[in-house]
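Some notes on the structure that comes next.
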Amino acid sequence: MKLFYTEISQYARIVGVAIIELNLTEQVQLQLVTVRDRDSELLNYNPANKVPTLATDDGFILSEARIITAYLNHLNPDIKIVADYSDGFSQHLEGITTAFIDGISNWIRERKFRTETEQSPKIIELERSRAFRILEYLEKISDQLDQTPKLAHVTLASALGLEIRLSEWQWRQNYPKLAQWYDEFSQRPSMQMTKPES
């Protein structure tokens, strides 16, 4: 199998963590690609030109972090990363944390990849408000978070880690329980090995 990724993709990071946690590092080859490029190698596999993309050994091309992680999880079902229908809370948390990381990603794209005149203050405020609203919720339920490497936890930690890319994303001081959870979870070898650069 081959996983196509970029170094700045937090979604690819989620899959990278899953590969390590599922003990699949020898089965999955990592291929660094470009995505804003008409000559990207990834276009030979995925017309959407999005990362992460997984080319499976049985000929499927999978994209989107949760879809890829679910596929990888079925290769090692003894370790449960993706929530199934019997675990309603984890499914709920997967949805919340996915919305969380999507919103922060949109916020970063506005700030980092658009000129000041192209940026939309309305989108920035929408995503900033959404991010802090979700933070409030997560702080309230932080006693229900544990340190197991579930998809929701990995997604949450990957989202919180985006603080290194967005100076406005200062969340630690007002959310101490979440900060404590994040600092502990981030020490997992899988999180350290996939730690993004600023």
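Scanning the range 34-66 for residues that are within 23 Å of Leu151 (Cβ to Cβ), part of a loop (DSSP other than H, G, I, E, B) and of a type in the set (Val, Ile, Thr) returns Val35, Val51, Thr56. For the range 36-43, does any single residue satisfy the condition of being over 15 Å from Glu7 (Cα atoms) and either of a type in the set (A, V, I, L, M, F, W, C) or crowded, with 18+ Cβ neighbours inside 10 Å (or both)? Yes; the residues of the range 36-43 include at least one that is over 15 Å from Glu7 (Cα atoms) and either of a type in the set (A, V, I, L, M, F, W, C) or crowded, with 18+ Cβ neighbours inside 10 Å (or both).
Is it true that Thr69 is in contact (Cβ under 8 Å) with a residue 24 or more places away in the chain, in the same structural domain as Ile20 (by TED's automatic domain parsing), surrounded by 15 or more Cβ atoms within 10 Å (Cβ to Cβ) and hydroxyl-bearing (Ser, Thr, Tyr)?
On the way: in contact (Cβ under 8 Å) with a residue 24 or more places away in the chain: yes; in the same structural domain as Ile20 (by TED's automatic domain parsing): yes; surrounded by 15 or more Cβ atoms within 10 Å (Cβ to Cβ): yes; hydroxyl-bearing (Ser, Thr, Tyr): yes.
The answer is yes for Thr69.
Test Glu136 against the stated conditions and say whether it is of a type in the set (Asp, Glu), modelled with pLDDT of 95 or more and not in a loop (DSSP other than H, G, I, E, B). Judged against the criteria, Glu136 is a match. Any residue in the range 38-56 that is within 20 Å of Thr98 (Cα to Cα) and of a type in the set (Val, Ile, Thr)? Taking every residue of the range 38-56 in turn, at least one turns out to be within 20 Å of Thr98 (Cα to Cα) and of a type in the set (Val, Ile, Thr).
Can you tell me which residue among Lys80, Lys122, Lys50, Lys112 is in the same structural domain as Ile8 (by TED's automatic domain parsing) and among the charged types (D, E, K, R)?
Lys50
Residue-level check: of (1) assigned to a helix (DSSP H, G or I); (2) without any contact (Cβ under 8 Å) to a residue 12 or more places away in the chain; (3) of a type in the set (D, E, K, R), Glu116 misses just (1).
Listed conditions (1) crowded, with 20+ Cβ neighbours inside 10 Å; (2) out of contact with any strand residue (DSSP E or B) (no Cβ under 7 Å at 6 or more places or on another chain); (3) of a type in the set (Ser, Thr, Tyr) are all met by Thr25, apart from (1).
Looking across the range 72-90, just one residue is assigned to a helix (DSSP H, G or I), touching a helix residue (DSSP H, G or I) at 6+ places or on another chain (Cβ under 9 Å) and surrounded by fewer than 16 Cβ atoms within 10 Å (Cβ to Cβ), and that is Phe89.
Please tell me if Gly161 is closer than 28 Å to Ile20 by Cβ, surrounded by fewer than 17 Cβ atoms within 10 Å (Cβ to Cβ), out of contact with any His (no Cβ under 9 Å at 6 or more places or on another chain) and outside the structural domain of Leu22 (by TED's automatic domain parsing). When the stated conditions are applied, Gly161 does not pass them.
Residue pairs whose Cβ atoms lie under 8 Å apart, separated by 6 or more positions or on different chains, with the first residue in the range 140-152 and in the same structural domain as Ile67 (by TED's automatic domain parsing) and the second of a type outside the set (Ser, Thr, Tyr), do not occur. In the range 142-153, the condition of being within 25 Å of Glu7 (Cβ to Cβ) and in contact with a Gly (Cβ under 6 Å, 6 or more places away or on another chain) is met by no residue.
The values are calculated or read from the model by the stated rules, or taken from the named source; none is laboratory data. Just so we're clear, the structure is a prediction, and the values are computed from it rather than from any experiment. We place every Cβ from the backbone using ideal geometry, glycine too, and count neighbours over all the protein chains shown.
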